[in-house]
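Everything on this sheet refers to the single structure shown next.
The values are calculated or read from the model by the stated rules, or taken from the named source; none is laboratory data. Owing to the predicted nature of the structure, the values given are computational and were not obtained by experimental measurement. FYI the Cβ positions are ideal-geometry reconstructions off the backbone, even for glycines, and counts take in every protein chain you see.
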Amino acid sequence: MKPLRLRCVACDVLARPVYLAAGRSPQIVDVTLRRYGLHRTPAKLRRSLQEEIDQIKAADGYDAVVLAYGLCGKATDGLRAGELPLVMPRAHDCITLFLGGRGRYNDQFQSCPGTYWYVQDYVERADGDSGALSIGAITSADTDAIYAEYVEKYGQDNADYLMETLSAWQAHYERAGYIELDGAAEGLALAKAQMDAAENGWRFERLAGDLVLIKKLLEGDWDEDFLTLAPGQQVQMVGGDEIIEAIS
């Protein structure tokens, strides 16, 4: 069977896992990275992703576009598939992608919502725009606009609940969570997690990473953990475990 040719658009906090999975995939995968600092303004990130999606054409030989992003503070809510199918994980943020699934993400969120997460690419690539952000953090720049949209779509009670759920873990940090990946040397991220924990009085915890979702995304194994949009369909945030759905 002829391999698929996929165009992957990914956050650079996932650079190593994405390139590793792309290199091992039976499909042909071309990767484009977007700076993590764009998360500071979700609307700007959304525009950047949409512009990239709109430029990818079947005439270039691609069969589908895959996004290595979660909902990411609502940045991907409203994205529209262009000329090609668009596939993305059902995930609130990249922590789900590092931990391997929604179930494990939910367990960690419930057990310790106040976690500042560390992975090697985030620590290495943090810059003036992203250095004050934690991976998985919901940015505050568009909070009012996001809340207004939630009220319009879901009503005030549901909007209040969604905002509380999405931002509660940032209210106070209790834990430095270092996600250990079986890849390149990760001493910088480990050292920073331990140092920040000591300086801030957080407990330090090392968690094993699981990159199965990245692997499946880039191998074309798109099961119930992924949303596949037909050309022209749009991403819409929903409550519950599904997280996102496709609308026409």
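Results, tabulated for the structure shown:
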{"read-out": "Selection status of Ala246, surrounded by 14 or more Cβ atoms within 10 Å (Cβ to Cβ), assigned to a strand (DSSP E or B) and over 15 Å from the mean Cα position of the chain (by Cα)", "value": "yes"}
{"read-out": "Number of positions in the range 28-46 that are under 12 Å from the mean Cα position of the chain (by Cα) and of a type in the set (Lys, Arg)", "value": "1"}
{"read-out": "Top-ranked residue of the range 122-143 - restricted to ones that are within 17 Å of Leu45 (Cβ to Cβ) and outside any loop (DSSP other than H, G, I, E, B), ranked as modelled with the highest pLDDT", "value": "Tyr122"}
{"read-out": "Listing of strands (runs of 3 or more DSSP E) fully contained in the range 1-118 that carry 3 or more residues being over 28 Å from Gly232 (Cβ atoms)", "value": "115-118"}
{"read-out": "Residue in the range 204-223 that is surrounded by the most Cβ atoms within 10 Å (Cβ to Cβ), counting only those that are free of Cβ contacts under 8 Å to residues at least 12 places away in the same chain and outside any helix (DSSP H, G or I)", "value": "Asp221"}
